Amino acid sequence: MGRDKENRDIVLHFRVSPSEEARIRAKMEEVGVTSMSAYLRKMALDGYCVQLDFDYPRKISALLRRCSSNLNQYARRANAISSIYAEDIQDLQERMNEIWLNQKKSLKLLASIR
């Protein structure tokens, strides 16, 4: 399915030492590639394989959803009773701080990709 429509009927061979093979396999494992031919083809054609970690963006999205929901609840409460509680504001501030910390981590991780 992920293959190009072009037939791959040309075979290329090259030799590596046992330690080089171990390094290649370790790098394949790092990026989550299980096919040696797919990995070597990608490296030969593009020079790199990248596996992105989406944990931080997912956390940020979840925090933003919660903050958005809380903010809507606070706005409804403020409109209904013309006031909001200090604890609600503090909770929202803490969640926003957590979002910014995760955002900074994400940006550092993205900046480290070369």
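The values are calculated or read from the model by the stated rules, or taken from the named source; none is laboratory data. Owing to the predicted nature of the structure, the values given are computational and were not obtained by experimental measurement. Remember, those area values only see protein heavy atoms, side chains included, never the ligands or the DNA or RNA. Shrake-Rupley method; radii C 1.70, N 1.55, O 1.52, S 1.80 Å.
Helical runs assigned H by DSSP (4 residues or longer) give the chain a calculated mean residue ellipticity at 222 nm of -23500 deg cm²/dmol, each run adding -39500 (n - 2.57) before division by the residue total. Distance between Cα centroids, segment 82-114 to segment 1-66: provide it in whole Å. Between the Cα centres of segment 82-114 and segment 1-66 lies a distance of 32 Å.
Per residue, segment 47-114 exposes 80 Å² of accessible surface when a 1.4 Å probe is rolled over the protein heavy atoms with every protein chain present.
What a 1.4 Å probe finds exposed on segment 12-114 is 55% carbon and sulfur by accessible area, rounded to a whole percent.
Using heavy atoms of the protein chains and a probe of 1.4 Å, the accessible area assigned to Ser19 is about 80 Å². Helix 18-31 and the longest principal axis of the C-alpha atoms of the chain enclose an angle of approximately 30°. Pairwise inverse Cα distances across the chain, averaged and inverted, put the Kirkwood hydrodynamic radius at 18.8 Å. The accessible area of Phe14, taken with all protein chains in place and a 1.4 Å probe, comes to roughly 130 Å². Quick check: the angle from helix 55-81's long axis to the longest principal axis of the chain, C-alpha only, nearest 10 degrees? The two axes meet at around 20 degrees. Computed from backbone phi with θ = phi - 60° and the Karplus coefficients 6.51, -1.76 and 1.60, the 3J(HN,Hα) list for segment 8-13 is 10, 10, 9, 9, 10, 10 Hz; x is used for glycine and proline.
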